[in-house]
Amino acid sequence: MKLYITPPSPYARKCRIVVREKGLADRVEEIVADPYANAPELLASNPIVQVPTLIADDGLPVNDSPVICEYLDAIGTGPRLLPAEGPERLRVRRLETQANAALEMGVKLLLELRRPEAERSPSWIERWTTNMGRALDVLEAAQPDPARLDMGVITAGVAVRWIGFRHPGFDLAAGRPGLMALSTALEARPSFADTQPK
């Protein structure tokens with residue numbers, strides 16, 4: 001299998017962590033591709049040229065990080081990171097979705113801040129910063145447990161680390177001791193340490 005990534009992408013990092021946690025490192029080749037340059041190999045498998053994109057064993061592309069992670073979780077070894085059904089699946093999905101929301105706001109904010117200063121929208125910057133903080137506060141209240149590794153916990157850990165990496169001026173730690181402890185604990189795991197954003 002081939003996994004197209006960019007090293008700083010939090011969505012690619014989620015997939016890379018799952019590859020390692022599920023014992024698939026010897027079956028998945030990670031390939032760095034530049035989506036902004038319309039990398040031909042990426043464009044051939046993803047019409048919107050986004051990472052991550054997985055080329056599965058059957059040669060078909062799998063797009064979107066939650067779908068990729070669910071696929072890898074199903075074919076890998078060890079405990080399931082996403083329960084197959086029932087209330088526990090919904091609990092994990094809700095946490096994962098909230099962490100993805102924090103990431104989405106952070107990515108929108110980053111892209112806005114990369115525009116020429118004269119083209120930036122102060123109102124959008126304020127909204128995305130506020131929404132990112134709200135999403136993080138909901139994650140803090142959910143108290144994700146690093147000892148109970150699942151897709152919700154992984155995504156929350158990825159979100160906290162990436163927001164701290166990309167938005168150093170944002171007061172991430174204020175009122176969020178649980179998320180800070182979560183990040184510290186998770187970043188010590190080999191799968192997280194091996195995939196830190198650069």
**All lysines inside 19 Å of Lys22 as judged from Cα atoms, apart from same-chain residues fewer than 8 positions distant** = Lys2, Lys14
**Message:** Looking at the chain as a GNM with Cα springs under 10 Å, which of Ser123, Ser65, Ser183 has the largest mean-square fluctuation?
**Reply:** Ser123
**Request:** Provide the gained length on full extension for the span Ser121 to Glu85, in nm with one decimal, where the gain is 0.36 nm per separating residue minus the Cα-Cα distance.
**Result:** 8.7 nm
**Request:** Of the DSSP beta bridges with both residues in the chain, give the percent that are antiparallel, rounding to the nearest 5.
**Result:** 60 percent
**Message:** Quick check: net charge around Thr195, other residues with Cβ under 11 Å of its Cβ, Lys/Arg +1 and Asp/Glu -1?
**Reply:** +3
**Fill in**
Beyond 22 Å, the calculated P(r) of the chain holds a percent of Cα-Cα pairs equal to 48 percent
**Request:** Go ahead and estimate [θ] at 222 nm for the chain from helices alone: -39,500 (n - 2.57) per DSSP H run with n ≥ 4, summed, over the residue count, rounded to 500.
**Result:** -17500 deg cm²/dmol
**Message:** Restricting to DSSP loop positions (anything but H, G, I, E, B) with no more than 15 other Cβ atoms inside 10 Å of their own Cβ, which trypsin sites (Lys or Arg not before Pro) remain in region 1-80?
**Reply:** Arg27
**Asked** Along the positive direction of the dipole of the chain (beta-carbon charges: Lys, Arg +1; Asp, Glu -1; about the Cα centre), which of Ile75, Ala188, Leu60 reaches farthest?
**Response** Ala188
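Size of the dipole of the chain about the Cα centre, Lys and Arg at +1 and Asp and Glu at -1 on the beta carbon, nothing else charged, in debye to 20?
Using Cβ point charges on Lys, Arg, Asp and Glu, the chain gives about 340 debye.
Counting only other residues whose beta carbon sits under 11 Å from that of Gly178, what net charge do I get with K and R as +1, D and E as -1?
-2
Bear in mind that the values in this text are calculations on the coordinates, not laboratory data. Computed from a predicted model, the values in this text were never measured in an experiment. Cβ coordinates were reconstructed from backbone atoms using ideal geometry, including for glycine residues, and neighbour counts include every protein chain displayed.
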